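*Asks:* This structure is in structure tokens; I'll ask about it shortly.
The values are calculated or read from the model by the stated rules, or taken from the named source; none is laboratory data. Just so it is clear, the structure is predicted and the values come from calculations on it, not from any experiment. All Cβ positions, even for glycine, are placed from backbone atoms using ideal geometry, and neighbour counts span all protein chains on display. Accessible surface is based on the protein model in full, side chains and every heavy atom, while ligands, DNA and RNA are left aside. Shrake-Rupley method; radii C 1.70, N 1.55, O 1.52, S 1.80 Å.
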Amino acid sequence: MEGISVVKVRNRQQMSDFIRIADVVYSNCEQYVPDLERDIRANFNQKKNAGMDFSDLQPFVAYRGKEVVGRIVGIVNRKANKRWNTSKVRFSLIEFIDDTAVSQALIKAVEDWGREKGMTEIIGPMGITDFDKEGMLIDDFHLQGSLTAIYNPPYYPQHLERLGFQKEVDWVQIRVQVPKEVPAKYARVSDYAHQMLGLRVEKLTDKQVAHDGYGQQIFHLLNQAYAGLYGFSEFSHDQIDDFVKHYLKLLDNRLMPVVFNDKNEMVGAAVTMGSLAEAMHKSHGRLLPFGWFHLLKALKWKPADHAEMLLIAVRPDYQGLGVNALFFSDLIPIYNQLGFKWAETGPQLEDNVRELSQWKPLHPQTVKRRRCYKKSI
């Protein structure tokens, strides 16, 4: 690691260096979508990140002399390790210049830190929860990134493989063209779900999301629907309140259909939004002085030409009963009204056959494979 020093982030200047390394790595990259600086700083604030109640986090920044050349975060999610009976340290928010000495020094810093905490394996990129970005992009580097998924240069996975990492799991994303009409299969299945099973689609109001507990219900539903997925860490009460307060209430309710049964129980929820990629480029990841305007414009006034389908959650006992068809039958006309030409999902596990098969009537294209790597330490 000659000439490279990796230090634990302990002050504001080091945190600023941690954030700004992305400006170096992606200075000429049109596909990269920056994170909000505010959100990165909040990750390490106990009062703003309820996940720190059950996780240890340590950000590191790498220097060559006074030049910032990389960053990484080590995470020990005690709840997930207990749930899955593992001893894994996660790495996240990794960025580095194309120099193996830098990537090796960053990984070693997290390995050493994790080993001190009794961990025996390193995995990543993964955050505290499934709402954090996860999975290193390993193909389709020419495609536009998104606010909610990792983008990285092609040399990143090459570095990890040279450092002895192997595949743990892969995620893929699905891209579809928005049809002018609801496909017949969706229409038929959604009619059955409504007429025979008593299921109905509703759109929540801002008050229902923020104050009447329906926002919290969506996340409790996620806890049930995602419980068996790789590395899932159940959202705590405080985490749920944070997500509702800071994110869910900002979205366009027209793009968030929820499904209730005849007992008024929420059995499904879909969270989608217009893409914020262009707005984030214009804001450079900063709300001030004018970044807030670009984001608000994209969220509320003039959406982009495509949608991001962030998540779909269906209560386990209602999976396979037409809830997804109800979502699509509701969203397709709205997407057309808003001028969305295509839509893309968030990362989905490659072996989640039930989830991936739901897109068949829309002639899906599989894009943006991303990988969680693993290595013993």
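*Asks:* Residues to consider are Leu311, Leu321; find the one that is out of contact with any Asp or Glu (no Cβ under 7 Å at 6 or more places or on another chain) and part of a loop (DSSP other than H, G, I, E, B).
*Replies:* Of Leu311, Leu321, the one residue that is out of contact with any Asp or Glu (no Cβ under 7 Å at 6 or more places or on another chain) and part of a loop (DSSP other than H, G, I, E, B) is Leu321.
*Asks:* Filter the range 161-173 for residues that are among the β-branched types (Val, Ile, Thr) and open to solvent by 10 Å² or more (accessible area, probe 1.4 Å) and give the result.
*Replies:* Let us first name the residues in the range 161-173 that are among the β-branched types (Val, Ile, Thr), namely 169, 172.
Of everything in the range 161-173, just one residue is among the β-branched types (Val, Ile, Thr) and open to solvent by 10 Å² or more (accessible area, probe 1.4 Å), namely Val169.
*Asks:* Related question: When you look at Arg41, is it surrounded by 14 or more Cβ atoms within 10 Å (Cβ to Cβ), within 30 Å of Leu143 (Cα to Cα) and of a type in the set (D, E, K, R), yes or no?
*Replies:* Yes: the conditions hold for Arg41.
*Asks:* Identify the residue in the range 110-146 that is surrounded by fewer than 21 Cβ atoms within 10 Å (Cβ to Cβ) and farther than 26 Å from Val6 by Cβ and, among all such residues, is farthest from the chain's Cα centre (by Cα).
*Replies:* Once the filter is applied, the top-ranked residue is His142.
*Asks:* A further question follows. Here is a check on your reading of the model: is Ile334 in contact (Cβ under 8 Å) with a residue 40 or more places away in the chain, open to solvent by less than 40 Å² (accessible area, probe 1.4 Å) and in a helix (DSSP H, G or I)?
*Replies:* Values: in contact (Cβ under 8 Å) with a residue 40 or more places away in the chain: yes; open to solvent by less than 40 Å² (accessible area, probe 1.4 Å): yes; in a helix (DSSP H, G or I): yes.
Taking the combined requirement at face value, the residue satisfies it.
*Asks:* Quick one: Lys66 ticks every box in (1) more than 30 Å from Phe235 (Cβ to Cβ); (2) in contact with a Pro (Cβ under 8 Å, 6 or more places away or on another chain); (3) among the basic types (Lys, Arg) except a single one, so which number is it?
*Replies:* So the condition that Lys66 fails would be (2).
*Asks:* Additional query: Tell me, please, whether a residue that is of a type in the set (S, T, N, Q) and surrounded by 19 or more Cβ atoms within 10 Å (Cβ to Cβ) can be found in the range 151-160.
*Replies:* yes
*Asks:* Can you tell which of Tyr226, Tyr247 is free of Cβ contacts under 8 Å to residues at least 24 places away in the same chain, aromatic (Phe, Trp, Tyr) and surrounded by fewer than 19 Cβ atoms within 10 Å (Cβ to Cβ)?
*Replies:* Numbers: Tyr226 fails: free of Cβ contacts under 8 Å to residues at least 24 places away in the same chain.
Criteria check complete, one pass: Tyr247.
*Asks:* Checking Leu93 against (1) modelled with pLDDT under 95; (2) closer than 22 Å to Phe235 by Cβ; (3) not hydroxyl-bearing (Ser, Thr, Tyr), which test does it fail?
*Replies:* (1)
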